[in-house]
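The values are calculated or read from the model by the stated rules, or taken from the named source; none is laboratory data. Every value quoted in this text rests on a predicted model; they were computed, and no experiment measured them. We place every Cβ from the backbone using ideal geometry, glycine too, and count neighbours over all the protein chains shown.
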Amino acid sequence: MSFPESVIISCYIRSEGRCECRRDHPEHRGHGRCKALFSRNEGWVAYRVIRNAPETVQNCELLCPDCAELAEAGWRPLSAAVARA
């Protein structure tokens with residue numbers, strides 16, 4: 001399943017066009033958050049933070065493709081909640 005358009009729009013506004021990844025990955029150290037930018041229509045992946053949880057804004061991160069791969073590989077966010085910069 002994919003996220004509803006209303007969730008994607010809200011997440012894009014929240015992200016300010018920047019990858020929301022805050023995983024503890026060497027490329028992010030010293031930055032806290034990935035610096036990748038994307039447009040409203042491309043360059044991002046809507047990632048479900050908690051599998052089998054509802055398709056809500058709170059359970060969605062907009063990630064660049066590289067960070068989506070990190071998330072799928074099991075890299076954990078720096079905090080338990082999705083942190084916002």
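Give the residues of region 7-32 that are in contact with a Cys (Cβ under 8 Å, 6 or more places away or on another chain) and modelled with pLDDT of 85 or more, sorted by residue number.
V7, I8, C11, R18, C19, E20, C21, R22
Name the single residue that is nearest to A46 (Cα to Cα) among those in region 56-77 being part of a strand (DSSP E or B) and not charged (D, E, K, R).
My answer is L62.
Using beta carbons and a limit of 7 Å, which pairs, at least six apart or on different chains, have the first residue in region 11-30 and at positive phi and the second one surrounded by 14 or more Cβ atoms within 10 Å (Cβ to Cβ)?
G17/F38
Quick one: which of P4, P54 is over 13 Å from the mean Cα position of the chain (by Cα), at pLDDT 95 or above and more than 15 Å from L70 (Cβ to Cβ)?
Being over 13 Å from the mean Cα position of the chain (by Cα), at pLDDT 95 or above and more than 15 Å from L70 (Cβ to Cβ) holds for just one of P4, P54, which is P4.
Which one is surrounded by the fewest Cβ atoms within 10 Å (Cβ to Cβ) among residues in region 34-60 that are touching a Cys at 6+ places or on another chain (Cβ under 7 Å) and over 15 Å from V7 (Cβ atoms)?
Filtering region 34-60 for residues that are touching a Cys at 6+ places or on another chain (Cβ under 7 Å) and over 15 Å from V7 (Cβ atoms), the one surrounded by the fewest Cβ atoms within 10 Å (Cβ to Cβ) comes out as G43.
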